[in-house]
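The values are calculated or read from the model by the stated rules, or taken from the named source; none is laboratory data. No experiment lies behind these values; they were computed from the predicted model shown. A quick note on method: Cβ atoms are made from the backbone with ideal geometry, for glycine too, and the neighbour counts reach across all protein chains shown. SASA here: full protein model, heavy atoms, side chains in, ligands and nucleic acids out. Shrake-Rupley method; radii C 1.70, N 1.55, O 1.52, S 1.80 Å.
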Amino acid sequence: MTSGIGGSTIEMELSGLGPWADIAPAITPAEREARLEKARQLMVAIGADALLVGAGASLHYFAGVPWGASERLVAMLLTRSGDPLLFAPTFELGSLAADTAISASVRDWQEHESPYALVAGALAERGVATLAVDPAMAFTMVDRLRKAAPGVNLLDATPVIDGCRMVKSAAELAALRQAKQMTLEVQRRAARILHPGITATEVKRFIEQAHRALGAAGNSFCIVQFGRSTAFPHGLPGESVLAEGDVVLIDTGCLVQGYHSDITRTYVFGEPSPDHRRIWAIEREAQQAAFDAVRPGVLCEAVDAAARRVLEAHGLGPDYRLPGLPHRTGHGIGLSIHEAAYLVRGDKTPLVPGMCFSNEPMIVVPDQFGIRLEDHFHVTETGAEWFTQPSPSIDRPFG
């Protein structure tokens with residue numbers, strides 16, 4: 001049996017968990033003000049008079065409001081000077097006040113009123129001729145705003161929003177580190193509860209309970225795959241039941257202050273076959289090659305290329321052909337689980353210190369099994385630094 005796999009129970013593993021001791025500091029008001037000022041500078045660079053940010057990860061980033069998008073407009077208008085202006089339904093004002101972490105004026109609207117007319121009026125008052133719009137806002141909302149303010153030129157705010165969010169501060173790195181280390185501990189304990197006949201649903205339920213026991217608000221997502229299902233990067237429909245000799249792939253995460261973890265471990269329940277060992281070793285080599293390629297100034301696509309060269313040297317691929325790597329090597333991570341920039345061919349974003357990425361050059365053997373090892377790193381002045389240490393071997397996946 002692979003070291004650290006099986007031999008325990010759900011009850012035993014949960015009993016050993018308690019609130020995480022090393023809590024990351026909260027994002028300060030001063031840091032949020034610095035984010036707003038950087039956004040203003042980037043607005044000027046693209047010729048925008050103002051920025052409109054809708055509910056979602058970017059509103060959380062700038063204003064501390066952790067609301068998801070819905071059919072009701074909730075947004076922040078940031079102009080080149082003056083306090084930000086928030087728009088929200090009147091019945092949400094109490095909740096908005098409790099969540100808002102910046103100094104901002106608020107304009108509210110009743111259910112029968114048009115929030116787009118309200119925004120258009122504010123644009124006119126503040127002399128906004130060109131507005132940069134959050135790319136995550138729904139088309140319907142942007143279209144209604146265009147009709148309400150036909151004289152305003154609308155721009156894509158991606159350079160502003162990504163220009164702020166891609167590079168993480170020390171406080172953001174601390175929140176990300178806590179989330180990822182919590183999930184790695186949950187991964188260790190999930191491996192210990194495995195036994196023949198356990199279902200993927202039982203493992204997912206345990207992972208949810210374990211994350212909550214550590215102080216997270218449960219799973220942000222959870223993928224548990226056994227056997228043939230692992231040959232499909234995001235699994236197959238229906239229940240999976242663990243059997244001796246199955247490849248086990250668990251990909252899960254949680255949230256700390258809204259910042260994501262996303263850790264994948266792959267190992268074998270029982271004795272790995274020669275093919276399992278060979279593909280696992282290539283996967284680990286490719287993951288390390290991607291990590292070693294990181295340094296400031298290197299383009300994101302070069303990190304993806306470094307992982308693919310390893311696979312091709314072992315006769316896998318090339319490109320997205322299988323057996324091989326069917327997707328990008330990694331993605332940015334922060335308040336969104338997938339965010340700019342991306343470790344993929346064609347992304348020519350230069351790496352700079354503070355950027356954070358997954359490193360997961362999965363290898364798929366069609367209709368047989370897949371191996372994905374996923375850890376995350378942040379770019380430093382000299383290279384990269386892991387948030388969590390990668391698996392050392394297929395026989396000792398947790399060290």
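Return yes or no: is MET43 in contact (Cβ under 8 Å) with a residue 24 or more places away in the chain and closer than 24 Å to LEU73 by Cα? When the stated conditions are applied, MET43 passes them. In region 64-86, the residues that are modelled with pLDDT of 95 or more form Cβ pairs under 7 Å with partners that are outside any loop (DSSP other than H, G, I, E, B) and open to solvent by 60 Å² or more (accessible area, probe 1.4 Å), at six or more places apart or across chains, as follows: ARG80/VAL44; LEU85/ARG107; LEU86/VAL106.
Selection of region 265-289 for residues being small (Gly, Ala, Ser) and surrounded by fewer than 21 Cβ atoms within 10 Å (Cβ to Cβ) yields GLY270, SER273, ALA281.
So, in region 341-369, exactly how many residues are of a type in the set (S, T, N, Q), over 30 Å from HIS276 (Cβ atoms) and touching a Lys or Arg at 6+ places or on another chain (Cβ under 9 Å)?
Going through region 341-369 one residue at a time, the tally reaches 0.
For region 212-239, taking the residues that are of a type in the set (S, T, N, Q) and more than 16 Å from TYR267 (Cα to Cα), the one that is surrounded by the most Cβ atoms within 10 Å (Cβ to Cβ) is identified as ASN219. For residues in region 255-296 being aliphatic (A, V, I, L, M) and in a helix (DSSP H, G or I), which is nearest to the chain's Cα centre (by Cα)? Going through the qualifying residues, I end up with ALA290. Residues that are touching a Pro at 6+ places or on another chain (Cβ under 8 Å), of a type in the set (Val, Ile, Thr) and closer than 30 Å to GLY245 by Cβ were ranked within region 350-398; the one that is surrounded by the fewest Cβ atoms within 10 Å (Cβ to Cβ) is VAL365. Note on region 19-123: enclosed strands (runs of 3 or more DSSP E) holding 1 or more residues that are open to solvent by 40 Å² or more (accessible area, probe 1.4 Å), farther than 18 Å from GLN257 by Cβ and touching a Ser or Thr at 6+ places or on another chain (Cβ under 7 Å) are 105-109. A count restricted to region 154-201 and to residues that are open to solvent by less than 10 Å² (accessible area, probe 1.4 Å) and either under 15 Å from THR252 (Cα atoms) or not in a helix (DSSP H, G or I) (or both) stands at 14. Scanning region 298-329 for residues that are open to solvent by 50 Å² or more (accessible area, probe 1.4 Å) and within 16 Å of LYS348 (Cα to Cα) yields a count of 2.
The residues of region 342-361 that are within 20 Å of ALA171 (Cα to Cα) and under 12 Å from the mean Cα position of the chain (by Cα), listed by number, are CYS356, PHE357, SER358. There is at least one residue in region 144-153 that is without any contact (Cβ under 8 Å) to a residue 60 or more places away in the chain, exposed (fewer than 15 other Cβ atoms within 10 Å of the Cβ), of a type in the set (Gly, Ala, Ser) and out of contact with any Pro (no Cβ under 9 Å at 6 or more places or on another chain).
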